[in-house]
Structure formats: structure tokens, C-alpha cells
Amino acid sequence: MLFQSAFKLFCIAAAMLGPYAAGALYHYVREPEIYAIFLICGTLLGFGGLCGFASTERYERRRHHVARFGRKV
């Protein structure tokens, strides 16, 4: 349970900080090709964080539903 909470915190942090870091690097990176790599990586990191958080939430919801009603959703 503790590891799931830590993973959810990591996913939320990745979802918020990935696109933020890509935007912040816009002022420091001079080459457009290099910035495109950072932009794609930051966007994918944010999307991966959202997917990881949603997957963990879905698993917890399913486990709670089985514990409460005794059958799967």
C-alpha cells in the first residue's frame, strides 16, 4: 500500500513536471531540433505519468469494489 502511494506521487509529479521542464528549457536551448527532442520527451513523460496514475487508481477502485460487493466490475 505504501509503494502504491509513492508510485502515485511519482506519477503526479512526472505528469506535472515533465511538460513544465520542457517549457522551461525553451529559454535555454538554442537549437530547434534539440528543443523538439526535449518537448517530445517532456510531453511523453507527462502522458506516462497520467497513465500510470490512472492505472493505479483503476486498480484501487477495482480492489475496493471487490472488497465491498464481492464481485468484479
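The values are calculated or read from the model by the stated rules, or taken from the named source; none is laboratory data. Since we're looking at a predicted model, the values are computed, not measured. Cβ coordinates were reconstructed from backbone atoms using ideal geometry, including for glycine residues, and neighbour counts include every protein chain displayed. In case anyone asks, the SASA skips ligands and DNA or RNA and just uses the protein heavy atoms, side chains included. Shrake-Rupley method; radii C 1.70, N 1.55, O 1.52, S 1.80 Å.
Taking 7 Å steps out from each Cα toward its Cβ at Val66 and Cys51 produces label points 2.4 nm apart. The accessible surface of the chain, taken with every protein chain in place and a 1.4 Å probe, is 70 percent carbon and sulfur. Taking Tyr28, Tyr35, Tyr20, Tyr59 and ordering them by how much accessible surface each has at a 1.4 Å probe, largest first, produces Tyr28, Tyr20, Tyr59, Tyr35.
Think of it as helices only: each DSSP H run of n ≥ 4 in the chain is worth -39500 (n - 2.57), and spread over all residues that comes to -30000 deg cm²/dmol at 222 nm. Compared with the dominant principal axis of the Cα atoms in the chain, helix 2-24 is inclined by about 20°. To the nearest ten degrees, helix 32-69 and the longest principal axis of the Cα atoms of the chain are 10 degrees apart.
Both numbers refer to the Cα atoms of the chain; Rg and Dmax are 17.1, 58 Å. For region 31-73, the calculated P(r) over all alpha carbon pairs, in 5 Å bins from 0 to the bin holding the longest distance, is 5, 22, 13, 12, 11, 9, 9, 6, 6, 4, 2, 1 percent.
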